[in-house]
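Asker: Below you'll find the structure I mean.
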Amino acid sequence: MENVFADSWDQESDRPGFLWKRMRLARRLGGELLGGSVYELPAGEKSFPYHFHHANEEMLIVLSGSVMLRTPTGSHTMEPGDVELFNTGAKGAHQVINETEAPARFLMMSTMVNPEIAEYPDSGNVGVFAEPPPGHDEETRLFKFLDGAAERPYFHGEPLPEES
């Protein structure tokens, strides 16, 4: 059993502007197809860059404090108990921002479809992610961020067949 109001964090971000603490609840409880993390967002910080997923849906539940949610339709304040769902694709783009003077805590749940591609409209970046199955070597993990504008033809760099 875990508690969403505990202060037992598994991960912390040290990137200014994107500082947060994370409690990986679903992983702690043995989740394989469902992800769920509690985040604590200090005053003035953002959760992650504005983004959307191609494979996974996410759901945000505010637990304490107040956050500003940025989506394709605009920004609006969310209070404790408020819930939003982010579908796959550009219509599900989102970013959580704490514009208050106090910390805010929220639960972010998601499907865990693998592999995953995420797009970051503000920067033009594309994230490509593939996790190894539980119990397998972490070295097989794929976690890359690429320039979304850099395109190549399908056969770019592939050798031509040798002539006989």
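The values are calculated or read from the model by the stated rules, or taken from the named source; none is laboratory data. All values derive from a computational prediction rather than experimental measurement. Positions of Cβ are generated from backbone atoms using ideal geometry, with glycine treated the same way; all protein chains shown enter the neighbour counts.
Asker: Just give me the residues in region 9-31 being touching a helix residue (DSSP H, G or I) at 6+ places or on another chain (Cβ under 9 Å) and either among the acidic types (Asp, Glu) or at pLDDT 95 or above (or both), in sequence order.
Answerer: If we filter region 9-31 for residues that are touching a helix residue (DSSP H, G or I) at 6+ places or on another chain (Cβ under 9 Å), which is where we start, we get 10, 31.
Once the filter is applied, which keeps residues that are touching a helix residue (DSSP H, G or I) at 6+ places or on another chain (Cβ under 9 Å) and either among the acidic types (Asp, Glu) or at pLDDT 95 or above (or both), region 9-31 yields only 10.
Asker: Does region 49-100 hold any residues that are in contact with a Lys or Arg (Cβ under 8 Å, 6 or more places away or on another chain), more than 21 Å from residue 4 (Cβ to Cβ) and of a type in the set (S, T, N, Q), and which are they?
Answerer: 95
Asker: Is region 147-164 home to any residue that is in a strand (DSSP E or B) and surrounded by fewer than 12 Cβ atoms within 10 Å (Cβ to Cβ)?
Answerer: Our first condition is that a residue be in a strand (DSSP E or B); within region 147-164, this holds for 147.
If we keep only those that are surrounded by fewer than 12 Cβ atoms within 10 Å (Cβ to Cβ) as well, we get 147.
Scanning region 147-164 turns up at least one residue that is in a strand (DSSP E or B) and surrounded by fewer than 12 Cβ atoms within 10 Å (Cβ to Cβ).
Asker: How many of the residues in region 21-47 are small (Gly, Ala, Ser), out of contact with any strand residue (DSSP E or B) (no Cβ under 8 Å at 6 or more places or on another chain) and either under 20 Å from residue 130 (Cα atoms) or outside any loop (DSSP other than H, G, I, E, B) (or both)? Before the answer, list the steps.
Answerer: Just the residues of region 21-47 that are small (Gly, Ala, Ser), to begin with: 26, 30-31, 35-37, 43-44, 47.
After this cut, where a residue has to be out of contact with any strand residue (DSSP E or B) (no Cβ under 8 Å at 6 or more places or on another chain) as well, the list is 30-31, 43-44.
Subset that is either under 20 Å from residue 130 (Cα atoms) or outside any loop (DSSP other than H, G, I, E, B) (or both): 30-31.
So the count comes out to 2.
Asker: Let me ask something additional. Need pairs with beta-carbon distance below 9 Å; first residue in contact (Cβ under 8 Å) with a residue 60 or more places away in the chain and more than 15 Å from residue 56 (Cβ to Cβ) and within region 91-109, second crowded, with 21+ Cβ neighbours inside 10 Å and of a type in the set (Phe, Trp, Tyr); sequence gap 6+ or separate chains.
Answerer: That search, which allows pairs on different chains as well, returns 104/39; 105/39; 106/39; 107/39.
Asker: Please go through region 48-66 and pick out each residue that is assigned to a loop (DSSP other than H, G, I, E, B), touching a residue at least 40 places away in the same chain (Cβ under 8 Å) and touching a Ser or Thr at 6+ places or on another chain (Cβ under 8 Å). Please lay out each step first, then the result.
Answerer: So in region 48-66, the residues assigned to a loop (DSSP other than H, G, I, E, B) come out as 48-50, 54-57, 65-66.
From what is left, the residues that are touching a residue at least 40 places away in the same chain (Cβ under 8 Å) are 48-50, 54-57, 65.
Listed by number, the residues that qualify are 49, 54, 55, 56, 57, 65.
Asker: For region 118-146, what are the residues that are within 13 Å of the chain's Cα centre (by Cα), over 21 Å from residue 22 (Cβ atoms) and surrounded by fewer than 16 Cβ atoms within 10 Å (Cβ to Cβ)?
Answerer: 128
Asker: For region 3-27, give me each residue that is among the polar types (S, T, N, Q) and loosely packed, with under 13 Cβ neighbours inside 10 Å.
Answerer: Those that are among the polar types (S, T, N, Q) and loosely packed, with under 13 Cβ neighbours inside 10 Å: 3, 8, 11.
Asker: What are the residue pairs meeting all of these: first residue in region 67-83, first residue over 18 Å from residue 105 (Cβ atoms), second residue modelled with pLDDT of 95 or more and not in a strand (DSSP E or B), Cβ atoms under 7 Å, and 6 or more apart or on different chains?
Answerer: As it stands, the answer is 70/50; 71/93; 72/90; 72/91; 72/93, since those pairs meet every condition given.
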